[in-house]
There are 2 protein chains.
Amino acid sequence: MKQSNVDRVYTQLRGLAANFEFKPDARINESALSAQLGTSRTPLREAMNRLVAEGFLTFQSGRGFFCRSLSPSKVLNLYEARVAIEVEAVRLACKRASDENLKALIDDLERQASNSQAAEPETRLEQDEAFHMGVVRLSQNTELIRVLENLNERIRYVRLIYLKNRSQPTAMIPPAHRKVLDALVARDAETAAQAMRAHIGRQREDAAEAVRIAYSQLYVPNAGDFTEGTK
Amino acid sequence: MKQSNVDRVYTQLRGLAANFEFKPDARINESALSAQLGTSRTPLREAMNRLVAEGFLTFQSGRGFFCRSLSPSKVLNLYEARVAIEVEAVRLACKRASDENLKALIDDLERQASNSQAAEPETRLEQDEAFHMGVVRLSQNTELIRVLENLNERIRYVRLIYLKNRSQPTAMIPPAHRKVLDALVARDAETAAQAMRAHIGRQREDAAEAVRIAYSQLYVPNAGDFTEGTK
DNA sequence: CAAGTATAAATTGTATACAGCACAGTATTC
DNA sequence: GAATACTGTGCTGTATACAATTTATACTTG
């Protein structure tokens with residue numbers, strides 16, 4: 001299955017937007033960006049329209065496309081939405097996950113954790129997301145999976161910044177994750193849901209500070225931006 | 001704020017897709033459709049890319065755009081996602097809604113209900129959605145609002161079909177809705193959440209049958225379709 | 001000097017052209 | 001007669017051109 005130019009551009013652009021390589025609220029110059037990506041404005045605009053629908057960009061008629069804004073309240077909303085999705089997903093997973101799939105997930109997470117004592121922040125974030133996505137996949141609900149993927153991508157930048165500045169590496173599955181997994185194995189939906197809610201809630205508490213740190217990182221020196229004319 | 005051609009086309013197309021005026025899985029001919037809508041393929045494709053991201057259409061590289069499929073499992077997934085969103089939203093609403101906003105919602109729903117004893121299925125669906133969207137809006141979480149709007153639009157067709165075939169009109173707020181609203185007024189998050197979960201769960205039970213009815217409605221005579229060449 | 005206005009430059013919005021790919025329908029061969 | 005190769009038609013993918021709109025710049029005026 002050959003992927004089209006639009007798909008390629010879409011993926012690249014989502015990466016740029018997710019990492020705020022467009023600064024928050026900055027206007028995006030289509031000509032400059034299309035040249036950057038080695039394509040014309042037509043497929044670029046198609047890709048950007050997808051990203052608008054996904055909440056990575058915004059669009060104003062006649063003025064063009066802009067990077068999404070980054071504000072504490074926006075990020076808190078994303079965390080709350082994660083609670084909604086994941087708490088329900090873990091309930092469904094209790095009912096639906098086969099013992100084999102559940103065991104496969106736990107084994108996978110343990111392998112990942114032990115493989116990386118050195119643990120770059122990127123790696124730790126990857127492992128955390130693997131846990132959360134893994135649980136939601138066990139719910140077997142493609143809609144929940146789809147929404148959480150989107151939420152995670154939009155929240156990733158802030159979480160990464162936070163991990164880089166605060167958290168400590170460990171070589172095992174975090175206790176909070178373990179609690180959820182144990183409840184899943186025991187098919188105890190209520191306990192699993194509570195544990196998941198508490199875990200995300202704790203991450204949420206740090207979000208506001210993480211946004212502050214993110215801002216201080218964003219508006220320093222200047223690594224290339226695509227938001228103004230190329231000259 | 002002048003809205004662009006893309007926005008207009010996007011809105012029209014979302015309506016068509018939501019009502020399955022493209023048949024499930026049918027391929028969409030861009031030239032024919034752009035002529036239909038009085039525009040060229042460029043803005044049409046931009047609009048369709050947004051709809052792909054929103055789950056109304058699918059896209060296969062080299063083959064074009066297709067209407068989303070309609071299957072019982074897909075619809076069940078949507079109902080489950082609604083549970084996730086709305087149960088959490090009603091919890092947040094308990095904490096955050098002002099007494100005034102809560103009262104305003106209840107008054108509004110009561111007015112709507114009493115205004116329409118004759119109650120077309122369309123009207124009843126509108127009222128049901130007004131309740132659910134109203135509660136989620138009280139959560140003040142734009143992310144939850146956005147996701148639920150999307151879910152509702154994608155589920156609407158099936159629900160409407162079902163209402164047309166089964167349910168009875170009434171001139172008051174349904175008891176299930178009343179229960180949620182009472183719990184909200186009492187700021188009893190747990191009861192409100194349970195009531196909401198039970199209510200949507202009951203709707204969900206009918207979903208499989210609703211899809212069957214929907215199919216029987218879709219593949220009869222033939223009111224104009226845009227899925228094949230215009231001749 | 002500030003504010004507003006006119007003019008020029010740049011950028012977006014959309015139509016169109018054309019290359020390349022997918023698919024159907026036809027002919028050919030065993 | 002069935003299967004396969006071939007050819008033609010139509011559709012999608014993308015670049016480009018140009019009109020319309022917005023933004024920046026320079027100038028004028030109080």
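Being over 16 Å from B:Arg14 (Cβ atoms), within 14 Å of chain A (Cβ to nearest Cβ) and away from DNA strand C (no atom under 16 Å from the Cβ): is that true of B:Ala113 here? Spelling it out, it is not the case that B:Ala113 is over 16 Å from B:Arg14 (Cβ atoms), within 14 Å of chain A (Cβ to nearest Cβ) and away from DNA strand C (no atom under 16 Å from the Cβ).
Residue by residue, here is whether (1) farther than 14 Å from B:Arg159 by Cα; (2) within 14 Å of chain A (Cβ to nearest Cβ) holds:
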{"residue": "B:Gln60", "(1), (2)": "yes, yes"}
{"residue": "B:Ser71", "(1), (2)": "no, yes"}
{"residue": "B:Ala81", "(1), (2)": "yes, yes"}
{"residue": "B:Ile85", "(1), (2)": "yes, yes"}
{"residue": "B:Ser98", "(1), (2)": "yes, no"}
{"residue": "B:Glu122", "(1), (2)": "no, no"}
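Residues in the range B:1-10 that are crowded, with 18+ Cβ neighbours inside 10 Å and within 16 Å of DNA strand D (Cβ to nearest atom) were compared, and the one that is nearest to B:Tyr162 (Cα to Cα) is B:Val9. The lone criterion from (1) assigned to a helix (DSSP H, G or I); (2) modelled with pLDDT under 95 left unmet by A:Gly62 is number (1).
Yes/no per residue for (1) under 27 Å from A:Ala53 (Cα atoms); (2) in contact (Cβ under 8 Å) with a residue 24 or more places away in the chain:
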site	(1), (2)
B:Ala89	yes, yes
B:Cys94	no, yes
B:Ala104	no, no
B:Asp108	no, yes
B:Pro121	no, yes
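Taking the condition more than 30 Å from B:Thr170 (Cβ to Cβ), within 15 Å of DNA strand D (Cβ to nearest atom), surrounded by 15 or more Cβ atoms within 10 Å (Cβ to Cβ) and more than 22 Å from the chain's Cα centre (by Cα), does B:Leu13 pass? In short, no. Please go through the range B:135-178 and give me each residue that is within 16 Å of B:Gln203 (Cβ to Cβ), open to solvent by 30 Å² or more (accessible area, probe 1.4 Å), polar (S, T, N, Q) and in a helix (DSSP H, G or I), ordered by number. The answer is B:Asn165, and nothing else. Kindly check whether there is at least one residue in the range A:101-114 that is away from DNA strand D (no atom under 16 Å from the Cβ) and not in a helix (DSSP H, G or I). Scanning the range A:101-114 turns up no residue that is away from DNA strand D (no atom under 16 Å from the Cβ) and not in a helix (DSSP H, G or I). Against the list (1) in a helix (DSSP H, G or I); (2) more than 10 Å from chain B (Cβ to nearest Cβ); (3) of a type in the set (Phe, Trp, Tyr), the condition A:Phe20 fails is (1).
Of all residues in the range A:23-76, exactly one satisfies the criterion of being open to solvent by less than 20 Å² (accessible area, probe 1.4 Å), near DNA strand D (Cβ under 9 Å from one of its atoms) and at positive phi, namely A:Gly64.
Are any of the residues in the range B:102-110 more than 13 Å from every other protein chain (Cβ to nearest Cβ), open to solvent by 30 Å² or more (accessible area, probe 1.4 Å) and of a type in the set (A, V, I, L, M)?
Here is the first cut: in the range B:102-110, the ones more than 13 Å from every other protein chain (Cβ to nearest Cβ) are B:102-110.
Among the residues that remain, those that are also open to solvent by 30 Å² or more (accessible area, probe 1.4 Å) are: B:103-104, B:107-108, B:110.
Remaining after also requiring of a type in the set (A, V, I, L, M): B:104.
Yes, the range B:102-110 contains a residue that is more than 13 Å from every other protein chain (Cβ to nearest Cβ), open to solvent by 30 Å² or more (accessible area, probe 1.4 Å) and of a type in the set (A, V, I, L, M).
Determine, yes or no, whether A:Val90 is within 17 Å of the chain's Cα centre (by Cα), hydrophobic (A, V, I, L, M, F, W, C) and either surrounded by fewer than 17 Cβ atoms within 10 Å (Cβ to Cβ) or farther than 30 Å from A:Asn5 by Cβ (or both). It is false that A:Val90 is within 17 Å of the chain's Cα centre (by Cα), hydrophobic (A, V, I, L, M, F, W, C) and either surrounded by fewer than 17 Cβ atoms within 10 Å (Cβ to Cβ) or farther than 30 Å from A:Asn5 by Cβ (or both). Scan the range B:29-39 and give yes if some residue there is more than 12 Å from chain A (Cβ to nearest Cβ) and within 22 Å of B:Arg159 (Cα to Cα), otherwise no. No, the range B:29-39 contains no residue that is more than 12 Å from chain A (Cβ to nearest Cβ) and within 22 Å of B:Arg159 (Cα to Cα).
The values are calculated or read from the model by the stated rules, or taken from the named source; none is laboratory data. As the structure is a computational prediction, the values presented were derived from the model and not from experiment. All Cβ positions, even for glycine, are placed from backbone atoms using ideal geometry, and neighbour counts span all protein chains on display. Protein only, heavy atoms only, side chains kept; ligands, DNA and RNA dropped before computing areas. Shrake-Rupley method; radii C 1.70, N 1.55, O 1.52, S 1.80 Å.
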